[in-house]
Number of protein chains: 2
Amino acid sequence: MSYETTLGRYILAVDDAIKKYLSDARIHPPLASAMEYSAMAGGKRLRPCLLLAANELAGGAIEAALPFAAAIEMIHTYSLIHDDLPAMDDDSLRRGKPTNHVVYGEGMAVLAGDGLLNYAMQIMLSAALEDESRKALRAASEIAERAGVWGMIAGQAEDLLAVNREPNEKALYYIHTHKTADMLVAALRAGGIIGGADDALLSALTVYGEKLGLAFQIQDDLLDLYGNAASLGKSTGKDEKENKLTFPALFGAERSMTMQGQYCREAADALSAYDSQFLATMAYRLSKRES
Amino acid sequence: MSYETTLGRYILAVDDAIKKYLSDARIHPPLASAMEYSAMAGGKRLRPCLLLAANELAGGAIEAALPFAAAIEMIHTYSLIHDDLPAMDDDSLRRGKPTNHVVYGEGMAVLAGDGLLNYAMQIMLSAALEDESRKALRAASEIAERAGVWGMIAGQAEDLLAVNREPNEKALYYIHTHKTADMLVAALRAGGIIGGADDALLSALTVYGEKLGLAFQIQDDLLDLYGNAASLGKSTGKDEKENKLTFPALFGAERSMTMQGQYCREAADALSAYDSQFLATMAYRLSKRES
């Protein structure tokens, strides 16, 4: 099956799952609208696709992995809603649409973010209650740990504090490893666990995710410098203006491009022992992405 | 054992557990400081004490319930940090101290709240991984559901939307049931489950929590009207100024006081078949509280 066919199948399944979860009538209706606005705003669905691909690579069927794919995308979405708030990055455009707080107000945007994080945890706990094998519980725990206070949130906190500070390599790697790579690793490991991966495959998926995360973030930094706001669907040139700690800011654009290509190759190499055409292609495509 | 002795024992155990969890060196240090500032600001620890009391009433030992007691207090604390933000209630004083965003800035306060919610889930998932009986998983699920988008967060969303709207009884009960009572019920049911409660006790604990939640919230509304800011440790008179939907606003102060006493009695009655001196006394004390 071609890369595009598989990708399309994953995205369709994730979109359907997220829509189904968010249409639960018990959710406070205006809150559900605010949550759905951002969750269905047309993201790349990178994290859930990685999760589903890792699950299939490990030999799992898609159904058992879908709750986790939806949950990790909800966690990613909540982090964007909160990150876009005036108190954080103060962004008014995301995925080509006005950001959540611009449409629903700051108070509701805070709650929509809280709601998506909490709901993601509910979905995973609910899947764990139905799974006697405890694989779901292990996957939920992987995601919660890497999304949390020594994972993604730690990266965001360091990102917030690094603005206008003397650039240094240690802080840069801390931010990008935790803010970005941790969630890719969480997706890959959770998918692997649900699919029944052994320790060797889980280790390979971890290295792939760590390298891909750094490559993805460098590309993000480069696109903020050179990208087109229209095709990106968000403002550009912000990092430099705000004195953010990025790869181009520390190493220059040219060296950053070289590093980005290197991380992509290392990502693909990590899985060379496995039949992972999809994940290898994904690493290659991400290195060339323009949005 | 006297009510005060038991309460003191619970609070000490909860404080120790929260401190221990927040001193984990893996947490981003400045983020940990912001989380601890609010989590250790001297709250009443109502929810964890209810959880521990329900656990002991069901016959459980305190150790297995402590992670859940710490987790529910962290969830309560995150909801206060986000609720105090300028975009929400815009409070600068809480428990007699400057609110989180006043000390750490709005961006870090958003992350400290996100961090506490996520960490609470991690703690519960971690306890569930160590518990073969699945009681921990059921307790975690109870708390996540009632803290979420048809529980506490739903109550906050409705609270946000009810400002300046025509007061109506249905919205008032929706807000107070979800914003306040749901978390008390979550604490009681989670504690009961960990302690091994049967369905009859879980039902009685649920009714007790629902009634206590309404009584507690009416008292909160009355204290905002008549209380002393110094002994409360937060601003008063805000509900009326902001045209909030409260019991006194809808029913008047006198009728609200009568209703509050009635709910307290109904709470105590719900547990009359059980040896629950502590919970009965707690209902009585809450009805008289002045802070």
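Find how many whole Å separate the alpha carbon centroid of region B:225-291 from the alpha carbon centroid of region A:48-76.
Centre-to-centre distance over Cα atoms comes out at 46 Å.
Could you list B:ARG47, A:ARG94 in order of exposure, starting from the residue whose Cβ has the fewest other Cβ atoms within 10 Å?
Numbers: B:ARG47 27, A:ARG94 23.
If I rank by nearby Cβ atoms, fewest first, I get A:ARG94, B:ARG47.
I'd like the Karplus ³J(HN,Hα) series for region A:245-262: coefficients 6.51, -1.76, 1.60, θ = phi - 60°, whole numbers in Hz, and an x wherever there's a Gly or Pro.
Using θ = phi - 60°, the values come out as 7, 10, 4, x, 5, 8, 10, x, 5, 5, 5, 4, 4, 4, 4, 4, x, 4 Hz.
Quick one: label points 7 angstrom along Cα→Cβ at B:GLY96, distances to the other copies in nm, smallest first?
Copy-to-copy label distances for B:GLY96: 5.6 nm.
Given charges of +1 on the Cβ of Lys and Arg and -1 on the Cβ of Asp and Glu, with all other atoms neutral, how large is the dipole of the protein assembly as shown about its Cα centre, in debye to the nearest 20?
Details: 56 positive and 78 negative charges, 18 e Å.
For this selection, approximately 80 debye.
Give me the dipole magnitude in Debye, nearest 20, for region A:98-202 about the Cα centre, with unit charges on the beta carbon: positive for Lys and Arg, negative for Asp and Glu.
Numbers: 8 positive and 14 negative charges, 12 e Å.
Its charge dipole is roughly 60 debye.
For every other residue with a beta carbon closer than 15 angstrom to the beta carbon of B:LEU161, add +1 if it is Lys or Arg and -1 if Asp or Glu, then tell me the sum.
Values: positive: B:ARG165, B:LYS170, B:LYS179, B:LYS244; negative: A:GLU106, B:ASP83, B:ASP89, B:GLU158, B:ASP159, B:GLU166, B:GLU242.
With Lys, Arg at +1 and Asp, Glu at -1, the neighbours total -3.
Could you work out, residue by residue across B:154-164, how many beta carbons of other chains sit within 10 Å of that residue's beta carbon, and then give the average as an integer?
Numbers: counts 9, 1, 8, 13, 4, 2, 7, 6, 0, 1, 0.
Shielding by partners across B:154-164 averages 5.
Using unit Cβ charges (K, R positive; D, E negative) and no other charged atoms, how large, in debye to the nearest 20, is the dipole of region B:3-288 about its Cα centre? Mind dumping the intermediate values first?
Numbers: 27 positive and 38 negative charges, 79 e Å.
Value, rounded to 20: 380 debye.
Using a 10 Å cut-off around each Cβ of peptide A:124-132, what is the average number of partner chain Cβ atoms that fall inside? Show your work: numbers first, answer last.
Details: counts 4, 12, 3, 0, 7, 6, 0, 1, 1.
Across A:124-132, the average partner-chain Cβ count within 10 Å equals 4.
Net charge near A:GLN277: determine it from the other residues with C-beta under 13 Å of the C-beta of A:GLN277, scoring Lys and Arg +1 and Asp and Glu -1. Please report the intermediate quantities before stating the final value.
Details: positive: A:ARG285; negative: A:GLU4, A:GLU56, A:ASP275.
In short, -2.
I'd like to compare B:13-24, A:99-110, B:64-75: which one has the highest average count of other Cβ atoms within 10 Å, and what's the full order after that?
Numbers: B:13-24: 17.5, A:99-110: 21.9, B:64-75: 27.2.
Peptide ranking by packing, descending: B:64-75, A:99-110, B:13-24.
Residue by residue, what Karplus-based ³J(HN,Hα) values in Hz, rounded to whole numbers, does region B:203-209 have, using 6.51, -1.76 and 1.60 with θ = phi - 60° and x for Gly and Pro?
Residue by residue, region B:203-209 yields 5, 5, 5, 5, 4, 3, x Hz.
Sort chain B into rounded, prolate or oblate with this rule: let a ≥ b ≥ c be the square roots of the eigenvalues of the Cα gyration tensor; rounded if a/c is under 1.5, and if a/c is not under 1.5, prolate when a/b is larger than b/c, oblate otherwise. Intermediate results must be reported in sequence, preceding the final value.
Details: a/c = 1.62, a/b = 1.09, b/c = 1.48.
Since a/c reaches 1.5 but b/c is at least a/b, the shape of chain B is classed as oblate.
Using the charge dipole of chain B (Lys, Arg: +1 at Cβ; Asp, Glu: -1 at Cβ; taken about the Cα centre), state which of B:HIS176, B:TYR21, B:SER133 has its Cα farthest towards the positive end.
Farthest towards the positive end: B:TYR21.
Indicate the gyration tensor shape class of region A:61-203 (rounded, prolate or oblate), computed on the Cα atoms with a ≥ b ≥ c the square roots of the eigenvalues: a/c under 1.5 is rounded; otherwise a/b larger than b/c is prolate and the rest oblate.
Numbers: a/c = 2.62, a/b = 1.41, b/c = 1.87.
Judged from the Cα gyration tensor, region A:61-203 comes out oblate (a/c at least 1.5, b/c at or above a/b).
Taking every residue in A:103-116, how many Cβ atoms of other protein chains lie within 10 Å of its Cβ, on average?
Working: counts 0, 0, 3, 5, 14, 6, 1, 11, 12, 3, 6, 14, 7, 2.
Average neighbour count from other chains, rounded to a whole number: 6.
Could you give each residue of region A:10-26 its phi-based ³J(HN,Hα) in whole Hz, using Karplus coefficients 6.51, -1.76, 1.60 with θ = phi - 60°, and x for Gly or Pro?
4, 4, 4, 5, 5, 4, 4, 5, 5, 4, 4, 4, 6, 8, 4, 5, 6
In whole Å, how far is the Cα centre of region B:125-177 from that of region A:93-136?
14
Charges on Cβ only, +1 for Lys and Arg, -1 for Asp and Glu, centred on the Cα centroid of chain A; of A:ALA253, A:ALA147, A:GLY227, which one is farthest towards the dipole's positive end?
Sorting the options by dipole projection puts first A:GLY227.
If you average the sequence gap of Cα pairs under 8 Å that are 6 or more apart and divide by the length of region B:3-288, what percent do you get for the contact order? Please report the intermediate quantities before stating the final value.
Working: 438 pairs, mean separation 56.5, N = 286.
Averaging sequence separation for qualifying contacts and normalising by length gives 20 percent for region B:3-288.
How far, in whole Å, is the closest Cβ of chain A from the axis that maps A onto B, and which residue does it belong to?
For chain A, the closest residue to the axis carrying it onto B is A:MET121, 2.
When B:GLU4, A:GLU145 are ordered from fewest to most other Cβ atoms inside 10 Å of their Cβ, what list results? Walk me through the numbers on the way to the answer.
Working: B:GLU4 10, A:GLU145 21.
Ranked by crowding around the Cβ, least crowded first: B:GLU4, A:GLU145.
If you add up the charges near B:LEU31, with Lys and Arg at +1 and Asp and Glu at -1, over every other residue whose beta carbon is less than 14 angstrom from its beta carbon, what do you get? Numbers along the way, then the final one.
On the way: positive: A:LYS179, B:ARG26; negative: A:GLU158, A:ASP159, B:ASP24, B:GLU36, B:ASP114.
Residues close to B:LEU31 contribute a combined charge of -3.
State the answer as a single residue: which of B:ALA162, B:ALA58, B:ILE193 lies farthest towards the positive end of the charge dipole of region B:3-288, with beta carbon charges of +1 for Lys and Arg and -1 for Asp and Glu, about the Cα centre.
B:ALA58
Given the Cα atoms of the protein assembly as shown, and with Rh set as the inverse mean 1/r over their pairs in the Kirkwood sense, what is Rg to Rh to two decimals? Intermediate values should be presented prior to the final figure.
Working: Rg = 24.0 Å, Rh = 24.5 Å.
Taking Rh as the inverse mean 1/r over Cα pairs, Rg/Rh reads 0.98.
A short reminder: the numbers here are calculations on the coordinates, not readings from a lab. If you're wondering where the values come from, they're calculated on a predicted model, not measured in any experiment. Here the Cβ is made from the backbone with ideal geometry for all residues, glycine too, and neighbour counts use every protein chain on show.
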